[in-house]
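Each value in this text was obtained by applying a stated rule to the coordinates, not by laboratory testing. What you are looking at is a predicted structure, and each value in this text was computed from that prediction instead of being measured. So basically every Cβ, Gly included, is an ideal-geometry build from the backbone, and we count neighbours across all protein chains shown.
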Amino acid sequence: MAISLSRSLSALLLAATALGGVLSAQAGTTYVQADRMVDVVSGKLVEKPALVITDGRIAAVGTQGSVAVPDGAVRLDLTGMTILPGLIDMHVHLTGRHDMHGYEGLAESTGDETINGVIHAEKTLMAGFTAARNLGAAGYSDVALRRALAANRLNGPRLYVSGPSIGATGGHCDNNLLPPEYDAHSQGAADGPWGVVRKVREVKKYGADLIKICATGGVLSKGTQVGAQQLAQEEMDAIVAEAKRLGLKVAAHAHGTAGIKAAIRAGVDTVEHASFIDDEGIKLAKERGTYLSMDIYNTEYILSAGEAAGFLPESLAKERVVGKTQRESFTRAVKAGVKMVFGSDAGVYPHGDNGKQFSRMVQFGMTPMQAIQAATVNAADALGASADVGTLAVGRYGDLIAVKGDPLADISILEKVDVVVKGGDVVKGKP
Ligand code: ARG
């Protein structure tokens, strides 16, 4: 009895120590050195970089020799490696599972989804994404997740969440899977300018950091035409005006040509997917400084995982058209110089595979530096000034990753990140 008690006690202590290590308070000073650093602001590679992180934030950055090692600093020697700012994924669904689409997903409760979020937050962080924007979750499970992460009770990225996506009755963001007697509708379903304004106020009230809207139909929703505009211009204008009054950014799901342009005209901050954007849409996005967030890896998973993951046959049919066109649109938008952020829609595909999109972004027209900027400095800009992420600059969070080799020579290196540091804590790859 005594033996088993002391055994379980020491197991408990061990678990507590392990947890303490992962979730340790972000205090103290760390001196980091490496072989190379991707400077995402200048777009250049810096040789022999050094930086100091104090109490979770960057206190100094420069080269070895120019940055003094503070007394008592913990040394993080990343010799042989390249460091980059922690990556940012601007479109994830942490509470969703990649293997439960279509009718399968109906069985998931808000409790299940919250637990999904805990598991997926950790996977996302381990993939090198130290910040992420969660665009659409039921039951405010995303708000609960953000709160626990912000309090350092869980392991995961810094999270910016939208709560339930706002969209038209029967639209992409509604639940259209069940017959009328079930009276099923998503929490964000609303109609008319004042109806959608009320929803904006509601999601703000319950803790959202930003607004997600569904401007057009989608691939994975039942009975929606992917190219069709679903929110009227007046509704989007009203949403953006109210969001601005409340100090919230707006992300618009939009595949179809007209819906994309209406969303840009309304003044949204990011257009998600942007699959059928035409030249006028590209011009408008450039003029208005609107970011595009194009999930161009997604198609490979949807088409290969097919029925096993529960995707509806109609979704697979839509995807066969959307995936190809979206990649062509991506190439045109990059050529035209539209501002871009990295958004993967992970959750449709497995969390932790976020980084697979980098090589596709390069394959379809970006330089490796542009792809990295989309996931760092650009993403930070689109999140807003207070985010303090995305660059390795004094005052920003001490969030960085390290990889062996040079990601500017081989971008696919970012699919396997060796070291992850969040707020000065080494959360992966402790040397
Ligand atoms: N959530 C998106 C939708 O249902 C996924 C689109 C995926 N396809 C793509 N080619 N990006 O519309």
Contact order relative to length of the chain, as percent, for alpha carbon pairs under 8 angstrom and 6 or more apart: 19 percent
Cα shape, the stretch 377-431, gyration tensor, a/c 1.5 rule: oblate
C-alpha long axis of helix 2-22 to longest principal axis of the chain, angle in °: 70 degrees
Residue-averaged [θ]222 nm for the chain, counting only DSSP H segments that reach four residues, each worth -39500 (n - 2.57): -11000 deg cm²/dmol
0 to 90° range, to nearest 10: angle between helix 257-266 axis and the chain longest Cα axis: 70 degrees
Inter-centroid distance (Cα atoms) of the stretch 217-282 relative to the stretch 333-371, Å: 20 Å
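I'd like the FRET efficiency for R198 and E234, computed as 1/(1 + (r/R0)^6) with the beta carbon distance as r and R0 of 22 Å, rounded to 0.05.
Numbers: r = 15 Å, r/R0 = 0.67.
Between R198 and E234 the formula returns 0.90.
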Cα long-axis angle, helix 313-336 against the chain (0 to 90 degrees, to the nearest 10): 70 degrees
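Taking square-rooted eigenvalues a ≥ b ≥ c of the alpha carbon gyration tensor, is the stretch 298-420 rounded, prolate or oblate, where a/c under 1.5 means rounded and, failing that, a/b exceeding b/c means prolate?
prolate
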Under 29 Å from the Cα of K428 - lysines, other chains or at least 8 residues apart: K44, K48, K123, K356, K404, K416
Highest-MSF residue in the chain out of T169, T376, T270 [GNM, Cα springs under 10 Å]: T169
In order through the stretch 402-415: 3J(HN,Hα) via Karplus (6.51 cos²θ - 1.76 cosθ + 1.60), integer Hz, x for Gly, Pro: 9, 10, 7, x, 10, x, 6, 8, 9, 5, 5, 4, 6, 6
Zero-based 10 Å bins, Cα pair distances in the chain, whole percents: 5, 22, 31, 24, 12, 4, 1, 0
Alpha carbon centroid spacing (whole Å) that separates the stretch 394-431 from the stretch 101-131: 23 Å
